[in-house]
Amino acid sequence: MNNKIVAGACAVIAALGIYLYAGSGGAKTTEVATTPGSSQSASQDIKQMVADFSSRTLTAESASITSTQLIVDSGGSNEAVYGLPEDEFFLSVAPYVQNTHPCATHSLTGCQGEMVEQSFGVTVVDADGKEIMNQTVKSQPNGFIDLWLPRDQNYKLTITHEGKEAKSDISTFESDDTCLTSMQLS
């Protein structure tokens with residue numbers, strides 16, 4: 001039991017240290033951290049870091065997110081890689097009316113959606129018809145809505161805004177994209 005507590009504490013400390021390090025522009029070294037299998041607190045730290053990049057309160061030369069990793073480059077050889085939670089999949093969605101861009105791997109520091117800081121109705125339903133999410137969400141300064149969904153599932157995503165609607169089938173498997181920019185509201 002003590003080994004589990006120590007391992008969890010070490011994972012949290014490592015994730016937090018690298019989080020602070022990546023945002024501070026420290027020495028040019030490569031840091032690697034992983035959270036799969038570690039504590040829930042470490043997973044929350046990674047999710048908070050993603051939220052901070054999306055809201056533009058944390059900056060880096062570049063930060064992108066695959067289905068398994070957050071990759072932060074603070075310039076030069078200063079890159080940090082963080083493992084994402086094993087049971088959750090990150091998907092960033094940029095609903096639009098007129099302008100979009102093609103995207104597969106979401107760039108937290110580069111992707112810009114059309115509809116900045118606007119309210120959307122977001123509904124996610126699983127393959128069995130169970131509603132996973134049904135709430136009003138405000139898009140971030142980058143125009144995206146960030147979703148953390150259970151992994152290895154198929155879903156129907158519906159987004160509404162001012163009487164307009166967009167629907168998409170999405171999935172959360174390891175080979176799936178983390179950026180969805182094809183949901184045109186009409």
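For the range 63-77: of the residues being touching an Asp or Glu at 6+ places or on another chain (Cβ under 8 Å) and surrounded by 15 or more Cβ atoms within 10 Å (Cβ to Cβ), which is modelled with the lowest pLDDT?
Across the range 63-77, the extreme among qualifying residues is SER74.
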Q.
Here is a check on your reading of the model: is THR35 under 21 Å from THR172 (Cα atoms) and either at pLDDT 90 or above or among the β-branched types (Val, Ile, Thr) (or both)?
A. yes
Checked pairs for the range 72-94, first at positive phi, second assigned to a loop (DSSP other than H, G, I, E, B) and surrounded by fewer than 21 Cβ atoms within 10 Å (Cβ to Cβ), C-beta under 6 Å and 6 or more apart or across chains, list as GLY75/GLU61; GLY76/LYS28
The condition of being crowded, with 17+ Cβ neighbours inside 10 Å and either in contact with a helix residue (DSSP H, G or I) (Cβ under 8 Å, 6 or more places away or on another chain) or modelled with pLDDT under 95 (or both) holds, among THR109, THR181, only for THR109
Residues in the range 116-144 that are closer than 17 Å to ASP169 by Cβ and in a strand (DSSP E or B) total 8
Checked against (1) surrounded by fewer than 21 Cβ atoms within 10 Å (Cβ to Cβ); (2) within 16 Å of ASN142 (Cβ to Cβ), GLN48 satisfies every condition except (2)
Of the residues that make up the range 141-150, is at least one under 19 Å from LEU70 (Cβ atoms) and surrounded by fewer than 16 Cβ atoms within 10 Å (Cβ to Cβ)? yes
Within the range 125-157, restricting to residues that are among the aliphatic types (A, V, I, L, M) and in contact (Cβ under 8 Å) with a residue 40 or more places away in the chain, the one that is nearest to LYS47 (Cα to Cα) is LEU147
- Quick one: is PRO102 open to solvent by 40 Å² or more (accessible area, probe 1.4 Å), over 24 Å from MET49 (Cα atoms) and not β-branched (Val, Ile, Thr)? yes
| query | Going by the structure shown, is ASP128 open to solvent by less than 30 Å² (accessible area, probe 1.4 Å) and among the acidic types (Asp, Glu)? | reply | no
Going through the range 148-174 in order, the residues found to be of a type in the set (S, T, N, Q), assigned to a loop (DSSP other than H, G, I, E, B) and in contact with a Ser or Thr (Cβ under 7 Å, 6 or more places away or on another chain) are GLN153
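The values are calculated or read from the model by the stated rules, or taken from the named source; none is laboratory data. No experiment lies behind these values; they were computed from the predicted model shown. Glycine also receives a Cβ, built like all others from the backbone with ideal geometry; neighbour counts cover every protein chain displayed. The area values use the complete protein model at the heavy-atom level, side chains included, leaving out ligands, DNA and RNA. Shrake-Rupley method; radii C 1.70, N 1.55, O 1.52, S 1.80 Å.
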